[in-house]
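The values are calculated or read from the model by the stated rules, or taken from the named source; none is laboratory data. Computed from a predicted structure; not experimentally measured. Here the Cβ positions follow ideal geometry from the backbone for every residue, glycine too, while neighbour counts run over all protein chains shown. Remember, those area values only see protein heavy atoms, side chains included, never the ligands or the DNA or RNA. Shrake-Rupley method; radii C 1.70, N 1.55, O 1.52, S 1.80 Å.
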Amino acid sequence: MDKKYGVYICKGCSIGESIDIEKLTKDSAKATKIEPGLIKSHPVLCSPEGREFIKNDIKEGTNTLILGACSPRVKYEEFDFPGTITERVNLRELVAWSQPANTEDTQMLANDYLKMGIIRTQKGDLPEPNILQDLSKAILVIGGGISGLTAALEAANAGYQVTLVEKEAELGGWAAKLYKEVPREYPYEKLDEPIVFSKIKEVESNPNIKVFKSSVIEKTDGQPGLLDITIKSNGSSETLRVGSIIMAAGWKPYDAAKLGYLGYGKPNVVTSIQMEDMAKKGKIIRPSDGKEAKKIAFIQCAGSRDPNHLPYCSSFCCATSLKQAKYVREKNNDAVAMIFYKDIRTPGQSELFYKNMQNDPGVLLTKADVTGVSDAGNGNLYVEAENALLGDKIKVEADLVVLAIGVVPNTRAPQEYLDGLTEAQKKGDDAKAKYLEETPKPDFILNLTYRQGPEIPSLEGYYGFADSNFICFQYETRRTGIYAAGCVRQPMNMSEAQLDAAGAALKAIQCVEHVAQGIAVHPRAWDATFPDPNLQKCTACKRCTEECPFGAIEEDAKGIPFYKINRCRRCGTCMGACPERIVSFKDYSVDMIGSMLKSVEVPEEGFRFIALACENDAYPALDSAGINRKQLNSSVRIIPVRCLGSTNLVWVADAFSRGIDGLILLGCKYGENYQCHFIKGSELANYRFSKIQETLNKLQLEAERCQLVQVSISEYDKLPDIINDFVKKIEDIGPNPFKGF
């Protein structure tokens, strides 16, 4: 597009009192070759009068707007001007609210920020969405348990065509095997009939839902909106097209054979699953002799919260044992139920059910660590425990022991198999790789044709749960358009699973609607840009395909990458990975950020620093620092980036060759307890910059001049000190020797 520029500076929110607007106008015009008459100011730019002020220029042909006002993270509706390139320059939070008023340093800071904003628009272009043809808005649900049934109904009732695939002969999953459910209504005393059967009837009678039973997914090919699903059913295969997928493939019980120390294998030791079946059939009887059990011991966390088994809590076991204790009492008023727990966990309204069960004189509860289960004669058993509320050590006789076993997601076995195969191949262990390839494979769920593997990868330390980002985007997996719900995402009870399924259905709907508009799904859910590589310069190094966190890039027969655009989440990791710098977006490129870096005024005396700030955590934290009037170091220039994974090493050379004294990268925290919004971006940046020594050595500079810091969005109060500590360290080293060249 032919650009006609308009630069607008707001004087409100202390900006006019902190900066010499007239001087800023002259300096910016001179530095960027923008005509001075195109740089205007207004008392309150976000007011109706201010917006009209801008709109009048748009009517006259202005199509490239640079707004020097508040943070781009606020007032986005007020400053939304469709059909224009609009760049927001943060003069409020990063200057007026975080710097002393009317100093030379503050003026230089504002000047650099406005200059960089203008350059950003000069180097960018108006995004145009890439809308593929023959898109589908249908939704596939994998799994016919309570999560899958609920997700299918939510999507179908919203008007979308749904295909539900269940591997078993009947719908319902584990929920259909229950005798009764934990109470769902106040006063939480009476056990409820399983809700799943009414859900099954709704699904089977809904005209928008097509059900496949005794069926599996043989192949998943394509990308969101264009996902071709091959379903194997009764010996034949059928391929259909869908827009997105909800994976509600459910769970299986932990292998009780591994719990010999709790007595499993003895005739009268059963699991909570077996207990449910027993109650459904009638009386609670001992498997050894068929006699009615009258003293039943429930052992909680059987395999859960145990570093030797499942280190996590399986969520619903406590409520299940309380429910089964009620079975015992309802079927025989003379029977006693004894529950040995590490902690009773009944969150929310389930706590009322727990309190009601505490009032039953035939239900005994004690906190204790069960150390073993031994024979007591006549088929009876001793439960031995220590650290009990009733004393240091106890030994209780029971005629039936029930183990509350944990939850294992059905995604775990395929992922562990694939991880083992990958590790063996990386280590060159051909024997182990061959063994794994020849042994029976676990049941795969998706059978993706993706270069990065046939299943949903799980994050390290998450024990097979298909959870992409547990903090910000709960349902989203690392494969765009595929959403996890229920116990493949995390352990949860049935009420939670239904809410989870509704959330996943909404995300699946959002996906197909966004794809139809050619915009990103998440987290940049407004972004109409897409990567546009210059493949003529591609060396087929494979770095982009290997580093893409979402499997958005495939390779042709010659190893040249090509994008499945609808899988892309616009993080720019491929842009940061590419050594040839051939990947760019309409409004984000290596050249753009490099030019902004080079435009920063470097004083002959004194220091100048650049901070590349992740737009998801670090930049909002900097905003919060400004809002709280915390002073930021005036020698530092903040440049927001989509993700630190998009940071290209050439920016380091650009900055230091220009005379910048230090470069600090502020990215999301990553790892088990916190996650980068783009999963691997911050971690990849850390890996890349661990090799920065080579680049700086070529420039004969100290490696300490470049530092990466992990920052969470809540650490706004610490950020000024983090930056100041970095500045002080570089000042001790001394100025960049390239300064002045």
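On the basis of being within 20 Å of ASP532 (Cβ to Cβ), in contact (Cβ under 8 Å) with a residue 40 or more places away in the chain and either open to solvent by 20 Å² or more (accessible area, probe 1.4 Å) or touching a Leu at 6+ places or on another chain (Cβ under 9 Å) (or both), does GLU580 make the cut? Yes; evaluated as a whole, the condition is true for this residue.
In summary, LYS355 fulfils each of the numbered conditions (1) assigned to a helix (DSSP H, G or I); (2) open to solvent by less than 30 Å² (accessible area, probe 1.4 Å) with the single exception of condition (2). Evaluating ASP623 against the criteria (1) on the phi > 0 side of the Ramachandran plot; (2) modelled with pLDDT of 90 or more; (3) in contact with a helix residue (DSSP H, G or I) (Cβ under 9 Å, 6 or more places away or on another chain) leaves one unmet condition, (1). Inspect segment 206-220 for any residue being open to solvent by 70 Å² or more (accessible area, probe 1.4 Å), on the phi < 0 side of the Ramachandran plot and more than 28 Å from the chain's Cα centre (by Cα) and give the result as yes or no. Checked segment 206-220: at least one residue is open to solvent by 70 Å² or more (accessible area, probe 1.4 Å), on the phi < 0 side of the Ramachandran plot and more than 28 Å from the chain's Cα centre (by Cα). Restricting attention to segment 301-321, does a residue exist that is touching a Phe, Trp or Tyr at 6+ places or on another chain (Cβ under 6 Å), buried (at least 24 other Cβ atoms within 10 Å of the Cβ) and part of a helix (DSSP H, G or I)? Checking segment 301-321: at least one residue is touching a Phe, Trp or Tyr at 6+ places or on another chain (Cβ under 6 Å), buried (at least 24 other Cβ atoms within 10 Å of the Cβ) and part of a helix (DSSP H, G or I).
Summed over segment 43-56, the residues that are open to solvent by 30 Å² or more (accessible area, probe 1.4 Å) and touching a residue at least 24 places away in the same chain (Cβ under 8 Å) give a count of 6. Only residues that are surrounded by 16 or more Cβ atoms within 10 Å (Cβ to Cβ) and in a loop (DSSP other than H, G, I, E, B) were counted in segment 677-698, giving 3. The numbered conditions (1) open to solvent by less than 30 Å² (accessible area, probe 1.4 Å); (2) on the phi > 0 side of the Ramachandran plot are all true for GLY377 except (1). Taking the conditions (1) surrounded by 20 or more Cβ atoms within 10 Å (Cβ to Cβ); (2) out of contact with any Pro (no Cβ under 7 Å at 6 or more places or on another chain) in turn, ASN90 satisfies each one other than (2). Within segment 222-248, the set of residues being within 25 Å of PRO409 (Cα to Cα) and either open to solvent by 60 Å² or more (accessible area, probe 1.4 Å) or hydroxyl-bearing (Ser, Thr, Tyr) (or both) comprises THR230, LYS232, SER233, SER244. The helices (runs of 4 or more DSSP H) found wholly in segment 491-595 and carrying at least 1 residues that are closer than 30 Å to PHE656 by Cβ occupy 543-547, 573-577.
Any idea how many residues of segment 19-63 are modelled with pLDDT under 95, farther than 17 Å from ALA110 by Cα and part of a helix (DSSP H, G or I)? So the answer is 2. Could you tell me which residue of segment 611-636 is farthest from SER682 (Cα to Cα), considering only residues that are surrounded by fewer than 22 Cβ atoms within 10 Å (Cβ to Cβ) and of a type in the set (D, E, K, R)? Here the answer is ARG629. Return a yes/no flag: does segment 71-78 have any residue that is open to solvent by less than 20 Å² (accessible area, probe 1.4 Å), out of contact with any His (no Cβ under 6 Å at 6 or more places or on another chain), closer than 24 Å to SER635 by Cβ and assigned to a helix (DSSP H, G or I). So far as segment 71-78 goes, no, none of its residues is open to solvent by less than 20 Å² (accessible area, probe 1.4 Å), out of contact with any His (no Cβ under 6 Å at 6 or more places or on another chain), closer than 24 Å to SER635 by Cβ and assigned to a helix (DSSP H, G or I).
Return a yes/no flag: does segment 328-350 have any residue that is among the hydroxyl-bearing types (Ser, Thr, Tyr), touching a strand residue (DSSP E or B) at 6+ places or on another chain (Cβ under 7 Å) and not in a helix (DSSP H, G or I). Yes, segment 328-350 contains at least one residue that is among the hydroxyl-bearing types (Ser, Thr, Tyr), touching a strand residue (DSSP E or B) at 6+ places or on another chain (Cβ under 7 Å) and not in a helix (DSSP H, G or I). Within segment 161-183, is even one residue open to solvent by 90 Å² or more (accessible area, probe 1.4 Å), assigned to a loop (DSSP other than H, G, I, E, B) and not charged (D, E, K, R)? Looking through segment 161-183, at least one residue is open to solvent by 90 Å² or more (accessible area, probe 1.4 Å), assigned to a loop (DSSP other than H, G, I, E, B) and not charged (D, E, K, R). The listed residues are GLU276, GLU330, GLU292, and the only one of them that is closer than 20 Å to GLY406 by Cβ, acidic (Asp, Glu) and either surrounded by 16 or more Cβ atoms within 10 Å (Cβ to Cβ) or over 42 Å from the mean Cα position of the chain (by Cα) (or both) turns out to be GLU276.
It is to be established whether one or more residues within segment 222-229 are free of Cβ contacts under 8 Å to residues at least 24 places away in the same chain and in a strand (DSSP E or B). Yes, the conditions are met somewhere in segment 222-229. It is to be established whether one or more residues within segment 723-731 are part of a helix (DSSP H, G or I) and touching a helix residue (DSSP H, G or I) at 6+ places or on another chain (Cβ under 8 Å). Yes, the conditions are met somewhere in segment 723-731.
Quick one: in segment 118-140, of everything that is among the hydrophobic types (A, V, I, L, M, F, W, C) and within 30 Å of ILE246 (Cβ to Cβ), which residue is most open to solvent (accessible area, probe 1.4 Å)? For segment 118-140, the residue satisfying everything is ILE131.
When segment 639-676 is filtered for residues that are open to solvent by less than 30 Å² (accessible area, probe 1.4 Å), part of a loop (DSSP other than H, G, I, E, B) and over 20 Å from SER584 (Cα atoms), the ones remaining, listed by number, are GLY659, ILE660, ASP661, CYS668, GLN675. Residue count for segment 522-543 under the criterion of being touching a strand residue (DSSP E or B) at 6+ places or on another chain (Cβ under 8 Å) and not small (Gly, Ala, Ser): the result is 10. Within the set of pairs 6 or more residues apart or between chains, which connect a residue that is within 23 Å of ILE85 (Cα to Cα) and touching a residue at least 12 places away in the same chain (Cβ under 8 Å) inside segment 6-26 to a residue that is of a type in the set (Asp, Glu) and surrounded by fewer than 22 Cβ atoms within 10 Å (Cβ to Cβ) with Cβ atoms less than 8 Å apart? Listed by first residue and then by second, the contacts come to GLY6/ASP57. Answer with yes or no whether ILE284 is under 20 Å from VAL182 (Cα atoms) and touching a residue at least 60 places away in the same chain (Cβ under 8 Å). So ILE284 fits the description; yes.
For segment 10-61, the set of residues classified as among the polar types (S, T, N, Q) and in contact with a strand residue (DSSP E or B) (Cβ under 7 Å, 6 or more places away or on another chain) consists of THR25, SER28, SER41, listed by residue number. Has segment 699-720 got any residue that is open to solvent by 30 Å² or more (accessible area, probe 1.4 Å), at negative phi, in a helix (DSSP H, G or I) and touching a strand residue (DSSP E or B) at 6+ places or on another chain (Cβ under 9 Å)? The answer is yes, given that some residue of segment 699-720 is open to solvent by 30 Å² or more (accessible area, probe 1.4 Å), at negative phi, in a helix (DSSP H, G or I) and touching a strand residue (DSSP E or B) at 6+ places or on another chain (Cβ under 9 Å).
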